[in-house]
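In what follows, a structure is listed as structure tokens, so that the remarks can point back to it.
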Amino acid sequence: MHRFENKIVVVTGGCRGIGKAIAERFAREGAFVYALDYRTPDENEVFIEDATIRDRIVPMQADVTSFDSVQKIVDDILAKSSRIDILVNNAGITRDNLLMRMSEEEWDAVLNTNLKGAFICTKVVSRPMMSQRYGKIINIGSVVGTMGNAGQANYSASKAGMIGFTKSIARELASRNILVNLVAPGYVRTPMTDKLTDEQKNAFLVNIPLKRVAEPEDIASAVAFLASDDANYITGQILHVNGGLLMD
Ligand code: NDP
């Protein structure tokens with residue numbers, strides 16, 4: 001099924017982890033995807049293993065914390081593809097620490113990338129979407145944006161901020177047929193969570209009714225649903241994808 005034939009998609013943080021799985025899902029369903037990332041793959045590196053979709057995912061270097069960087073890339077994309085139908089604000093970082101030890105740099109880095117980065121990308125991409133009178137924006141939050149998590153005050157605050165941001169922008173842009181939603185993953189198997197200790201991983205698993213962590217593809221499925229025509233009457237919503245860890 002090709003739900004996204006001829007759609008132009010931008011995924012931030014799209015060269016690794018969940019973002020890459022999202023990019024691959026859209027490409028498999030017919031879209032052309034720009035995978036923006038801080039570090040793009042080396043020229044001799046096989047970025048996309050599946051040769052059937054390789055020519056439909058283009059990695060591009062961008063720093064979501066910089067207006068200039070994002071504007072330049074979006075101008076390039078518009079010059080090549082004329083439009084952007086779907087934006088996925090996925091780029092995110094963690095700098096975990098207990099509050100008493102958390103530095104101002106750790107706080108600022110996480111808020112800048114996760115929250116301000118989504119603001120910058122949304123502001124820049126919403127302009128062409130407004131002229132098109134069409135757009136789907138999907139923000140990637142986290143279960144800890146609702147639950148909180150000891151050692152992640154900066155990260156949880158950034159993801160809670162994404163919820164308010166999503167709902168406000170959904171209200172602002174609805175009249176232009178731009179729909180904005182947030183997917184809140186639980187614990188997903190990616191390079192980000194590979195850094196956690198076994199103790200931290202087990203603490204999550206005992207509380208997950210489905211008794212497994214999510215694969216990046218589980219998150220990609222939820223993003224694709226919200227970006228599809230099946231979700232044309234859904235905006236300003238938070239879709240939790242967490243195996244039952246949190247039932248909101
Ligand atoms: P990864 O670290 O695997 O991927 C995140 C990507 O974002 C990386 O490629 C990273 O680049 C990129 N990135 C970071 N900073 C910037 C920047 N300033 N500009 C452009 N790109 C940037 O993380 P995940 O795939 O695990 O996470 C993806 C999203 O999902 C994040 O928003 C995360 O908060 C969220 N999430 C993840 C969960 C999980 O369990 N993994 C759970 C809940 C939410 P680089 O590697 O160079 O830093």
Projecting the Cα atoms of Ala174, Leu115, Ile234 onto the charge dipole of the range 96-248, where Lys and Arg contribute +1 and Asp and Glu -1 at Cβ, the residue farthest towards the positive end is Ala174
Test of understanding: express the Cα radius of gyration of the range 63-199 as a ratio to 2.2 N^0.38 Å, with N the residue count. 1.12
Placing +1 on the Cβ of each Lys and Arg and -1 on the Cβ of each Asp and Glu in the chain, which of Asn149, Gln61, Met130 has its Cα farthest towards the positive end of the resulting dipole? Met130
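Rounded to the nearest 20 Debye, what is the dipole magnitude of the range 159-228 about its Cα centre when Lys and Arg each give +1 and Asp and Glu each give -1 at the C-beta?
Its charge dipole is roughly 240 debye.
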Options Met100, Thr190, Val88, ranked by Cα towards positive dipole end of the chain, top entry (Cβ charges): Val88
How are the Cα pair distances of the range 186-231 distributed, in percent, across 5 Å bins from 0? 5, 20, 24, 20, 14, 9, 6, 2, 0
How large is the direction-averaged shadow of the alpha-carbon convex hull of the chain, in nm²? 13.4
Electrostatic dipole magnitude of the range 1-132 [Cβ: Lys, Arg +1; Asp, Glu -1; Cα centre; debye, to 20]: 500
Linear extension gain, Lys201 paired with Glu45, 0.36 nm per residue minus alpha-carbon span: 53.1 nm
What span do the alpha-carbon atoms of the range 3-106 cover on each of the three principal axes, reported in whole Å from largest to smallest? 50, 29, 29
Computed about the Cα centre, the charge dipole of the chain from +1 Lys/Arg and -1 Asp/Glu charges at the Cβ has a magnitude in debye, to the nearest 20, of 700
Stretched out fully, how many nm does the piece from Glu215 to Lys80 gain, at 0.36 nm a residue minus the Cα gap? 45.4 nm
Comparing Val70, Val206, Val88, which has the greatest mean-square fluctuation in the GNM of the chain with Cα pairs linked when under 10 Å apart? Val206
How compact and how long is the range 92-172, expressed as Rg and Dmax of its alpha-carbon atoms in Å? 14.2, 48
Of Lys7/Lys159; Lys80/Lys195; Lys116/Lys201; Lys159/Lys211; Lys123/Lys211, pairs whose Cα-Cα distance is over 32 Å: Lys80/Lys195; Lys123/Lys211
Across 10 Å bins from the origin, how do the percents of Cα pairs in the range 60-117 run, short distances first? 21, 41, 23, 12, 3
Can you pull a Stokes-Einstein diffusion coefficient for the range 25-81 at 20 °C (1.002 mPa s), Rh from Kirkwood over Cα pairs, as a whole number of µm²/s? 174
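May I ask you to compute the full-extension gain from Thr52 to Tyr233, defined as 0.36 nm times their residue separation minus their alpha-carbon distance, rounded to one decimal in nm?
Extending this stretch completely gives an extra 61.9 nm.
Read the figures in this text as sums done on the coordinates, not as results from a lab. Note that this is a predicted model, so its numbers are computed, not measured. Every residue, glycine as well, gets a Cβ built from its backbone with ideal geometry; the counts of neighbours run over all protein chains shown.
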